[in-house]
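Enquirer: I have a structure I would like to understand better, so I am pasting it below and will then ask my questions one at a time.
The values are calculated or read from the model by the stated rules, or taken from the named source; none is laboratory data. The structure presented is a predicted model; accordingly, all values stated were derived computationally and were not measured. All Cβ positions, even for glycine, are placed from backbone atoms using ideal geometry, and neighbour counts span all protein chains on display. All accessible areas refer to the heavy atoms of the entire protein, side chains included, with ligands and DNA or RNA removed. Shrake-Rupley method; radii C 1.70, N 1.55, O 1.52, S 1.80 Å.
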Amino acid sequence: MEDLLQKIEGYKNSISAYGVHTTEALEDFRIKYLGTKGIVKAAMGEMKNVPNEKKKEFGKVLNAFKIFAEERYEELKGSLASGENKTTSSIDWSLPGDPIPVGTRHPLSIVRNQIVSIYKRLGFAVAEGPEIEDDWHNFTALNLSENHPARDMQDTFYLNQNPDYLLRTHTSSVQARVMEKQKPPIRIICPGRVYRNETISARAHCFFHQVEGLYVDNNVSFADLKQTLYFFVQEMFGKEVKVRFRPSYFPFTEPSAEMDISCTVCGGKGCSLCKHTGWVEILGCGMVHPKMLENFKIDPDEFTGFAFGMGIERICQLKYRINDLRLYSQNDIRFLRQFTGSV
Ligand code: DAH
């Protein structure tokens, strides 16, 4: 037993003499003395060899030893935190830190944010809807009844478990969701991902991104639509870019149009991007069909509206000349690193 007492005295001396300059050294101290396989635990383990009549006395000694080591640990920790001993530390505090690589935003996010910021300045709020959508919001409410031929234009992914649900084929579904909840005036845009069952190639993908716009109020006219989109194009691509509208067909708008802008690559002279026409289509649009307003109990005699839907990949292609849709989702760091938009 005398042995043990002596050993403890020895340990106490070492503990008092212990100094730490780094957190690693502090941790070494903790493991050596206070860890589960440390000296204090081991000394406690000796209790079982102590004769019964001496147990009380030894218990006290061991307890005091434990407290002694714990207090010294706290003391060392405190001195480290307060910066004592730092001058003698092996760490050179004047060295520059390790560089932390900063990521870049995805080009689609940059362009989406730019689009959102332009429309926000015109008073449009951002609305969102689910990507797994029901047939009603994606088709029927938008005037595409069950056997409407225009449903074929969009190859739809239906859910195996329940074919009443699908992956939305366009962000127009959010128009339906907003009109369901909100009454005019409505002025929203909806950026989001959409899905179509297309074979993946440079020009088609099974998912891509759109921004939908919807404005419903008293006296909203086609002239308002043209002016809004014209403003957008000038902000996005510059004042020299021209626009033109061509008549088109969408079940949810009447009249409907598609809008082209003069090719931003060749300036309208003709190149491979604009297929030598000088024009590139960027969106579909039109006046909200009265039937659609009625679907949501909005009186078409009192209110009119316009809507539009544009593809973000296309705008991105024109801005950055990205000619292969697959690049957006291949996660190639050499591609992604090139975009340094700040928004
Ligand atoms: N949803 C259409 C598409 O995916 C785009 C579109 C056309 C949206 C006309 C509209 C619109 O809101 O009015 O091709």
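Enquirer: Are any of the residues in region 138-157 modelled with pLDDT of 95 or more, in a helix (DSSP H, G or I), in the same structural domain as Ile322 (by TED's automatic domain parsing) and open to solvent by 100 Å² or more (accessible area, probe 1.4 Å)?
Expert: no
Enquirer: Which of the numbered conditions does Asn331 fail, given that it passes all the others? Conditions: (1) under 30 Å from the mean Cα position of the chain (by Cα); (2) on the phi > 0 side of the Ramachandran plot; (3) open to solvent by less than 80 Å² (accessible area, probe 1.4 Å).
Expert: For Asn331, the exception is condition (3).
Enquirer: Give me the pairs, please: first residue somewhere in region 40-59 and in contact (Cβ under 8 Å) with a residue 24 or more places away in the chain, second residue anywhere and open to solvent by less than 60 Å² (accessible area, probe 1.4 Å) and assigned to a loop (DSSP other than H, G, I, E, B), beta-carbon distance under 7 Å, and either six or more positions apart or on two chains.
Expert: From residues that are in contact (Cβ under 8 Å) with a residue 24 or more places away in the chain, the pairs are Phe58/Val50.
Enquirer: Next question. So Thr104 ticks every box in (1) modelled with pLDDT under 95; (2) open to solvent by 70 Å² or more (accessible area, probe 1.4 Å); (3) away from the ligand (no atom under 16 Å from the Cβ) but one. Which box is left unticked?
Expert: The one condition Thr104 does not meet is (2).
Enquirer: Hey, among the residues in region 234-244 that are in contact (Cβ under 8 Å) with a residue 40 or more places away in the chain and surrounded by 17 or more Cβ atoms within 10 Å (Cβ to Cβ), which one's farthest from the ligand (Cβ to nearest atom)? Talk me through it step by step, then tell me what you get.
Expert: As a first pass, look at region 234-244 and keep what is in contact (Cβ under 8 Å) with a residue 40 or more places away in the chain: 235-237.
Still in the running and surrounded by 17 or more Cβ atoms within 10 Å (Cβ to Cβ): 236-237.
Numbers: Met236: 18, Phe237: 20 Å.
Here the residue is Phe237.
Enquirer: Right, next: Any residue in region 272-282 that is touching a residue at least 24 places away in the same chain (Cβ under 8 Å), open to solvent by 10 Å² or more (accessible area, probe 1.4 Å), among the basic types (Lys, Arg) and in the same structural domain as Tyr119 (by TED's automatic domain parsing)?
Expert: Checked region 272-282: no residue is touching a residue at least 24 places away in the same chain (Cβ under 8 Å), open to solvent by 10 Å² or more (accessible area, probe 1.4 Å), among the basic types (Lys, Arg) and in the same structural domain as Tyr119 (by TED's automatic domain parsing).
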